[in-house]
1. To the nearest 20 debye, what is the magnitude of the charge dipole of chain A about its Cα centre, counting +1 on the Cβ of each Lys and Arg and -1 on the Cβ of each Asp and Glu?
2. For chain B, calculate the relative contact order in percent as a whole number, restricting contacts to Cα pairs under 8 Å that are 6 or more residues apart.
3. So for the pair B:MET10, B:PHE39, with labels modelled 7 Å out along Cα→Cβ, what separation do we get in nm?
4. In nanometres, what is the gap between the two model label sites at A:LEU80 and A:PHE10, each 7 Å from Cα along Cα-to-Cβ?
5. Give the accessible surface of chain B per residue, rounded to a whole number of Å², with probe radius 1.4 Å and ligands, DNA and RNA excluded.
6. Count the net charge of all other residues whose Cβ sits under 12 Å from the Cβ of A:THR24, scoring Lys and Arg as +1 and Asp and Glu as -1.
7. Return the sequence-ordered ³J(HN,Hα) values of region A:71-82 in whole Hz as given by the Karplus equation 6.51 cos²θ - 1.76 cosθ + 1.60 applied to θ = phi - 60°, using x for Gly and Pro.
8. Nothing charged except the Cβ atoms of Lys and Arg (+1) and of Asp and Glu (-1): what's the magnitude of the dipole of chain B about its Cα centre? Round to the nearest 20 debye.
Amino acid sequence: NAGVTQTPKFRILKIGQSMTLQCTQDMNHNYMYWYRQDPGMGLKLIYYSVGAGITDKGEVPNGYNVSRSTTEDFPLRLELAAPSQTSVYFCASSFEGANNQPQHFGDGTRLSIL
Amino acid sequence: LAKTTQPISMDSYEGQEVNITCSHNNIATNDYITWYQQFPSQGPRFIIQGYKTKVTNEVASLFIPADRKSSTLSLPRVSLSDTAVYYCLVGEGRAGNMLTFGGGTRLMVKP
């Protein structure tokens, strides 16, 4: 049982490039989340999904897009990378809404935009 | 919004009990209080969750007063490996999907 798997672990992008951060979970969780964490700061919610085909914006969605075509996968897309998007990105999942169900986190993707 | 307020940092010594208090004045009726632990270069890890009174598991206890406007995470007999950032979370109340992590409390355990 792998839990939440994120790829890649590290990536350097040039300004204006695009990329997709991959996230997959094997726990059959309905809810999935993307957070970003800037150095020395807490996590900020980017997007979340309550099930396949359903996504919604979090606190800081600008510059990102998501899709949820399957229960297992929740990729995060950066279309035009900007230096302000340099951060560590965490994907998480939970069985039901995270209000009363623990979230399980991946190990993160460290992204630098130069 | 059910925001949380925690101390920025705390120091302790090995073997001591550590209590970290979180304020959440606007907690909603259906919200649970959840604490996570995060080590450097890792994702947060669930520690404990509660709704009211006291909850205890193998690693921590959570104390919640009757008005639920605050909560205290208690770590008994900490060790060096408990050095981490601890986050208190309360649901935003919109179907429990929006959570605010805040800055957390950086706990440093010294020998």
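1. Working: 9 positive and 9 negative charges, 83 e Å.
Using Cβ point charges on Lys, Arg, Asp and Glu, chain A gives about 400 debye.
2. On the way: 293 pairs, mean separation 41.1, N = 111.
Result for chain B is 37 percent.
3. Going by the 7 Å Cα→Cβ label model, 2.0 nm.
4. 3.0 nm
5. Numbers: 5510 Å² over 111 residues.
Normalised by residue count, the accessible surface of chain B is 50 Å².
6. Local net charge: -2.
7. Result, ordered by residue: 5, 7, 10, 8, x, 10, 10, 10, 7, 10, 4, 10 Hz.
8. For this selection, approximately 200 debye.
The values are calculated or read from the model by the stated rules, or taken from the named source; none is laboratory data. As the structure is a prediction and not an experimental result, all values here were calculated from the model. Every residue, glycine among them, receives a Cβ derived from its backbone with ideal geometry; neighbour counts consider all protein chains shown. Please note that ligands, DNA and RNA were not included when accessible areas were found on the heavy atoms of the full protein model with its side chains. Shrake-Rupley method; radii C 1.70, N 1.55, O 1.52, S 1.80 Å.
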